[in-house]
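The values are calculated or read from the model by the stated rules, or taken from the named source; none is laboratory data. These numbers were taken from a predicted model, which means no experiment stands behind them. Glycine also receives a Cβ, built like all others from the backbone with ideal geometry; neighbour counts cover every protein chain displayed.
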Amino acid sequence: MSRIAIVGAGPAGGTLAVWLATAGLAPMLIDAEQCPGGAGWRGAEGDGLRRAIAGSSLDYRPNNELIDIATDGRLTLQDATGRLTAVAADCLVLAPGATERLLPVPGWTLPGVLGLGALQRLLKRDGMRASGPLALVGSGPLLRLVAAQMIEAGVTLSGIVDAGRPIDFKLLAGLARRPAALLQGLQLDLRRRLAGIPLIHGFPVALHGKTQVEAVELADGRRLEAALVGLGFGLQSNTELARLAGLRLSWAPAWAAWLPERDRHFQSSRTNVFILGDGAGLGGMALAEAEALCLAGHLIERAQRPLPAGLAVLRRRAARQRPGLTRAGQALAAWSQVSASNLQALADQTIVCRCEGTTAGRVRAALAAGYQSKATIKLASRAGMGVCQGRCCEAGLQGLIEAAGIPPSRDPPGTVRLPLRPVIAAAFVKEPS
């Protein structure tokens, strides 16, 4: 191996990069964000990783978006100014993390409706918080975490609407594999109760307002006043880089998702392309870090370098913890799942694809005409053909297809195209010599 490139500076990619640099392998760490930590370690909890990266010998490239992965290993990066750079790597590690899962509800395009992750980012990175009543709608652990963070920041919450799966014994058994996370969850719920914030189980909902969102209406007619609404139905593995690289995906029932295939050393279906963390199955920060430690040991040994002091012990511990952490991650993913039957009541005029303005009725018309996959419905309705390449609408589109009786295990995710993000056309023009 002459050059290792790691994409993503969160708990998985950042941890791996630091250990490889400690072993003298001088990896390149590419990250679209301004500073390391990813979404999970954006706050003070990521200070240790940031110090380690700052003090290492790795080639750290923040504010660089990976927009293409060529078959010969060349990577095309776009920096904050829009300039394109090609770099070569004979070993590529993808650590893209997870993205929010959004589902369409009436009124979700109104001003004042933000993703839960956006609310969290504004608070943790920019110190901005809602000034009026805030309602949260969604499912899973992120819903509770954001609620607790808003309460601690002094934000007035009018209520929380949980559309997810009820907590049962099977779910608790899975979460018990991570006792600290289970305890944190109980503490978050206690904080909500002490603050007197109502938690309402139910779906669907509708968001109302004239020029911006003003209220959340539940199926039973109850209303929550809101000057701002946080919307988010858990997380989903970010597989767009895996698809761009042409990696083979398969249906993973434990996560109810299409995920990149990996061997025991995290290598994908493409030689010398590895994938770590939530991008290969939701598991959280602890599992991402454990996988990074295991892969670090493997790559260092493969390069015939001695393991840095302490890594051997950490790798053995991580290997022991991985099965339990994986099962806990599967339980967290199941907790966030929302039944597709909830989308059956979605009004035909509700927008599903925001980029193209495609409505639920148009998707249903395509289904009625015989189109039965995301790829064909995309052609018939234009859902997912916008600039975001389906990031906002894919889960809603899949839910409507599933509500029509077509299981998601029969419908692989669609392709992604170059570039993954908008690029200034001038970037492709070679300057005259």
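Any residue that is part of a loop (DSSP other than H, G, I, E, B) and among the hydrophobic types (A, V, I, L, M, F, W, C) - is there at least one of those in segment 322-340?
Yes, the conditions are met somewhere in segment 322-340.
What single numbered condition from (1) over 26 Å from Pro253 (Cα atoms); (2) assigned by TED's automatic domain parsing to the domain that holds Cys294 fails to hold for Ala347?
(2)
Looking only at segment 126-142, which residues are of a type in the set (Ser, Thr, Tyr) and surrounded by fewer than 13 Cβ atoms within 10 Å (Cβ to Cβ)?
Within segment 126-142, Ser131 is the sole residue that qualifies.
Would you pick out the residues in segment 157-183 that are surrounded by 18 or more Cβ atoms within 10 Å (Cβ to Cβ) and either under 29 Å from Met128 (Cβ atoms) or small (Gly, Ala, Ser) (or both)?
Leu157, Ser158, Gly159, Ile160, Val161, Asp162, Ala163, Gly164, Gly174, Ala181, listed by residue number.
Which residue is modelled with the highest pLDDT, if the candidates are limited to segment 261-277 and must be on the phi > 0 side of the Ramachandran plot and in a loop (DSSP other than H, G, I, E, B)?
Here the residue is Phe266.
Spot the failing condition for Ala242; the list is (1) within 11 Å of Ala280 (Cβ to Cβ); (2) part of a loop (DSSP other than H, G, I, E, B), and only one is missed.
Only one criterion in (1) within 11 Å of Ala280 (Cβ to Cβ); (2) part of a loop (DSSP other than H, G, I, E, B) is unmet by Ala242, namely (2).
Being touching a helix residue (DSSP H, G or I) at 6+ places or on another chain (Cβ under 7 Å) and hydrophobic (A, V, I, L, M, F, W, C) is the filter; apply it to segment 198-223 and report the residue that is nearest to Ala333 (Cα to Cα).
Per the criteria, the residue is Phe203.
On the basis of being part of a strand (DSSP E or B), of a type in the set (S, T, N, Q), surrounded by fewer than 20 Cβ atoms within 10 Å (Cβ to Cβ) and not assigned by TED's automatic domain parsing to the domain that holds Val155, does Thr81 make the cut?
In short, no.
Counting just the residues of segment 20-40 that are within 15 Å of Asp126 (Cα to Cα) and of a type in the set (A, V, I, L, M, F, W, C), which one comes out modelled with the lowest pLDDT?
Ranking the qualifying residues of segment 20-40, first place goes to Ala39.
Which members of segment 375-393 meet the condition of being crowded, with 18+ Cβ neighbours inside 10 Å and either hydrophobic (A, V, I, L, M, F, W, C) or touching a Pro at 6+ places or on another chain (Cβ under 7 Å) (or both)?
Ile377, Ala383, Cys392, Cys393
Does segment 403-420 contain at least one residue that is buried (at least 19 other Cβ atoms within 10 Å of the Cβ) and touching a Pro at 6+ places or on another chain (Cβ under 8 Å)?
Among the residues of segment 403-420, not one is buried (at least 19 other Cβ atoms within 10 Å of the Cβ) and touching a Pro at 6+ places or on another chain (Cβ under 8 Å), which makes the answer no.
With respect to Pro111, is the statement that it is farther than 25 Å from Trp255 by Cβ, not assigned by TED's automatic domain parsing to the domain that holds Ile300 and not aromatic (Phe, Trp, Tyr) true?
Judged against the criteria, Pro111 is a match.
Here are the criteria: (1) assigned to a loop (DSSP other than H, G, I, E, B); (2) not aromatic (Phe, Trp, Tyr); (3) not assigned by TED's automatic domain parsing to the domain that holds Arg42. Tell me which single one Pro306 does not satisfy.
(3)
From the list Leu367, Leu400, Leu379, pick out the single residue that is part of a helix (DSSP H, G or I) and either free of Cβ contacts under 8 Å to residues at least 12 places away in the same chain or assigned by TED's automatic domain parsing to the domain that holds Arg243 (or both).
Leu379
Looking only at segment 245-260, count every residue that is assigned to a loop (DSSP other than H, G, I, E, B) and among the aromatic types (Phe, Trp, Tyr) and tell me the total.
So the count comes out to 1.
For residues in segment 241-288 being among the basic types (Lys, Arg) and free of Cβ contacts under 8 Å to residues at least 24 places away in the same chain, which is surrounded by the most Cβ atoms within 10 Å (Cβ to Cβ)?
Arg262
In segment 345-357, is there at least one residue being in contact (Cβ under 8 Å) with a residue 12 or more places away in the chain, within 17 Å of Gly107 (Cα to Cα) and part of a helix (DSSP H, G or I)?
Scanning segment 345-357, I find at least one residue that is in contact (Cβ under 8 Å) with a residue 12 or more places away in the chain, within 17 Å of Gly107 (Cα to Cα) and part of a helix (DSSP H, G or I), so the answer is yes.
Condition (residue is closer than 23 Å to Leu314 by Cβ and in the same structural domain as Ile300 (by TED's automatic domain parsing)) applied to segment 63-76: is it met by at least one residue?
no
Does Leu228 count as of a type outside the set (Val, Ile, Thr), touching a residue at least 60 places away in the same chain (Cβ under 8 Å), in the same structural domain as Ile151 (by TED's automatic domain parsing) and in contact with a strand residue (DSSP E or B) (Cβ under 7 Å, 6 or more places away or on another chain)?
Yes, satisfied.
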